[in-house]
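Input: a single structure, listed below in structure tokens.
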Amino acid sequence: MKKTISLVFVLVLVLASICLATEDTWTQKADMPTARMYLSTSVVNGKIYAIGGASRVEVGISTVEEYDPTTDTWTAKSPMPTPRWGFATGTVNGKIYAIGGAEGNPGSPLTTVEEYDPTTDTWRTKSPMPTRRWGLSASVVNGKIYAIGGGIPSGSRAVEEYDPATDTWAQKASIPIGRYGISTIAVNGKIYAIGGVVSYPTITSRVQEYNPVTDTWTTKADMPTARAYPSTSVFNGKIYAMGGEIKLNDPSVPIVEVYDTARDTWTSDADMPTARTVFSTSVLNGKIYVIGGSTRGFPYSALAIMEEYDPFTLVVDFNGDGIVDAADICLMLDYWLTDEPFYDIAPQPFGDGIVNVLDLIVLAEHLFEEFPPVE
């Protein structure tokens, strides 16, 4: 047995010397036809829909453009009935709901809710949101849309639940710290509210978790870098908080920080190629698409740039001792030629259904790398 392990270890060393790591890759994709900031994006049937926003400060637009990742092309769609910026979207049953925002001055926010059907390329007006809000965020859990935060010059604590099936709104437990320029994201039935502006110019790093079942909030580990207007996406169960502003009206930042909801811990990841704020992100086919925004808080200059991020989140320190070594090789060999998903790490991101040499090669790329120990 020792001789076998030694031979395998030598094989892994050889593989490590010839394999190149392929994680954390950024690729520039086709620009949006319309440069804009404060937009919102949603995914339906394998396409990304970039909706509304502003081409210049305090002037909302109604533009809707559809991105097809298979052809890397954009197509113009029916415009949103109400031009606006700083609004939020949520998707339920293939329909996109655009909520709140402002047509002009953010001091005059909207309650407007409009539903977009990508299949028919049509819009319909729905029941208005009870609380007027700009700079809010929305997340979907179990077919309900939760509109959280917003406001200006101080953040709103409002949380309101929209049921598209009945076209009705219900008030929910207020978020403990009101904020605008906030980002929310749903993971495993919980909603995480991240960052934002508490009251001009105070930016927070606070993270709070909302449980729709119990209608309660729980404070979690702070984001390492306090930011306003970050955008969040979920990949492999982890939250990627990207970009934003660490000081209002200063240049934006390219920071990417990753939140593990299971461990309540944060780690740093590869920076975005283009620092930006007031932008939007969407996940499609295991990639994160970073769309539009502005390079600084003020004076604003809208971007058309879209970049695709391939996170390739891996678990290769199988025994959690802080380093990838022979012990991890032995653990993989224990499940050789089985369909054990924990060790089926290649090809990225979802494996091929069997633990084999492809997985050994990926492990080899990380041999002797150190990882935080499992707590």
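The values are calculated or read from the model by the stated rules, or taken from the named source; none is laboratory data. A quick note: this is a predicted structure, and the numbers were derived from the prediction, not measured. Backbone-built Cβ (ideal geometry, glycine too); neighbour counts: all protein chains shown.
Odds and ends about this structure:
- Flag for Ala346 being in contact (Cβ under 8 Å) with a residue 12 or more places away in the chain and not assigned by TED's automatic domain parsing to the domain that holds Ala138: yes
- The residue list Thr82, Thr71, Thr63, Thr75 contains one member that is under 21 Å from Tyr309 (Cβ atoms), assigned by TED's automatic domain parsing to the domain that holds Tyr116 and modelled with pLDDT of 95 or more, which is Thr71.
- Candidates in region 22-54 are the residues that are crowded, with 17+ Cβ neighbours inside 10 Å and polar (S, T, N, Q); of these, the one that is farthest from the chain's Cα centre (by Cα) is Thr34.
- Here Asp68 fulfils each of the conditions (1) within 18 Å of Val290 (Cβ to Cβ); (2) touching a residue at least 24 places away in the same chain (Cβ under 8 Å) apart from (2).
- Given (1) touching a strand residue (DSSP E or B) at 6+ places or on another chain (Cβ under 6 Å); (2) modelled with pLDDT under 95, number of the condition Lys2 does not satisfy: (1)
- Taken over region 119-145, the criterion of being outside any strand (DSSP E or B) and either of a type in the set (D, E, K, R) or in contact with a Leu (Cβ under 6 Å, 6 or more places away or on another chain) (or both) is satisfied by Asp121, Lys126, Arg132.
- Screening the candidates Thr281, Thr338, Thr295, Thr277 for the property of being without any contact (Cβ under 8 Å) to a residue 24 or more places away in the chain and among the β-branched types (Val, Ile, Thr) yields one hit, Thr338.
- Among the conditions (1) part of a loop (DSSP other than H, G, I, E, B); (2) at pLDDT 95 or above; (3) of a type outside the set (A, V, I, L, M, F, W, C), the only one that Thr89 does not satisfy is (1).
- Of all the listed residues (Ala226, Ala193), the sole one being in a strand (DSSP E or B), in contact (Cβ under 8 Å) with a residue 12 or more places away in the chain and on the phi < 0 side of the Ramachandran plot is Ala193.
- Any chance Gly243 is buried (at least 20 other Cβ atoms within 10 Å of the Cβ), touching a residue at least 24 places away in the same chain (Cβ under 8 Å), farther than 16 Å from Ala193 by Cβ and of a type outside the set (Phe, Trp, Tyr): yes
- Of the criteria (1) under 19 Å from the mean Cα position of the chain (by Cα); (2) surrounded by 22 or more Cβ atoms within 10 Å (Cβ to Cβ), which one Gly100 fails: (1)
- Extreme residue, farthest from Ile175 (Cα to Cα), among residues of region 125-146 that are surrounded by fewer than 17 Cβ atoms within 10 Å (Cβ to Cβ) and of a type outside the set (Gly, Ala, Ser): Thr125
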